[in-house]
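Note sheet for the following structure.
The values are calculated or read from the model by the stated rules, or taken from the named source; none is laboratory data. For clarity, every value in this text was computed on a predicted model and none was experimentally measured. Virtual Cβ from ideal backbone geometry, glycine too; neighbours counted across all protein chains shown. The protein model used for the area step is the full one, side chains on, heavy atoms only, and it has no ligands, DNA or RNA in it. Shrake-Rupley method; radii C 1.70, N 1.55, O 1.52, S 1.80 Å.
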Amino acid sequence: FRFMSNFENLLTRLIQNPRFFLTFLVGSLLCFVPIVHLFAFGYIYRMTKILRVNGTLELPEWEEPSRLFIDGIRLTIVLLVYGFLPITLGLIIIKLLIPDLAYTSVNIFLGFWKIAVLSLLCSAFYRYQRNQNFYELLNFTLIFRMAVAFFKSNFLALVLCYGLAFLLSPLYGFSIFSVLLVALIQSTYYFYGLDIKGGRAG
């Protein structure tokens, strides 16, 4: 349960920051508005970038809006390729293979698939941030290996993220911002630790 201890410590440090709740509120509200949500995504991008480079969990300022917007586009592209697309394909495949499957069963299969896709997304995002080159997203084998390792080591954290998304789904802005924030911070922290120990991550 060492990873859960690290996960809890990470969340505690984040929530205890005096600026957290205002930051969380602003980011979540931005996520309610299409296009404007890119500033919130850019903030998460900036935060994980600092963690990846310095190994420190910080809440950066909401400054340089043009850079926030561009970084938000970067995260959105990774999200579309390694998030939205796999989930959509997974739903189609499940319905084609088992057309008479009960709705609750579909939710169970799709729920597990969403957790797996979240692991894939986190791994692809960490790989992309290495040098901000979209060609890195074509390294499917490495990203898949990273995703499997992250999935096995952080399964409970991923389940908690899925539960968080489900509970906050009526307030989708809060759901989107909180899940991306927690999942990408945890994955960045995890892969950063592997890099420090011997360069085994992306």
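Condition first: in contact (Cβ under 8 Å) with a residue 24 or more places away in the chain and open to solvent by 20 Å² or more (accessible area, probe 1.4 Å). Now tell me which residues in the stretch 34-68 satisfy that.
H37, F39, R46, K49, R52, G55, L57, W62, P65, R67
So, in the stretch 76-85, how many residues would count as being open to solvent by 20 Å² or more (accessible area, probe 1.4 Å) and either more than 18 Å from G42 (Cβ to Cβ) or of a type outside the set (V, I, T) (or both)?
The total comes to 4.
Identify all residues within the stretch 1-33 that are open to solvent by 80 Å² or more (accessible area, probe 1.4 Å) and in a loop (DSSP other than H, G, I, E, B); write none if there are none.
Correct list: F1, P18, R19.
Given the options Y162, Y126, name the one that is part of a helix (DSSP H, G or I), over 22 Å from L59 (Cα atoms) and of a type in the set (S, T, Y).
Sole residue among the options that is part of a helix (DSSP H, G or I), over 22 Å from L59 (Cα atoms) and of a type in the set (S, T, Y): Y162.
Which condition does F39 not pass, out of (1) over 28 Å from Y135 (Cα atoms); (2) among the aromatic types (F, W, Y); (3) modelled with pLDDT of 95 or more, if it passes all the others?
Answer for F39: the failing condition is (1).
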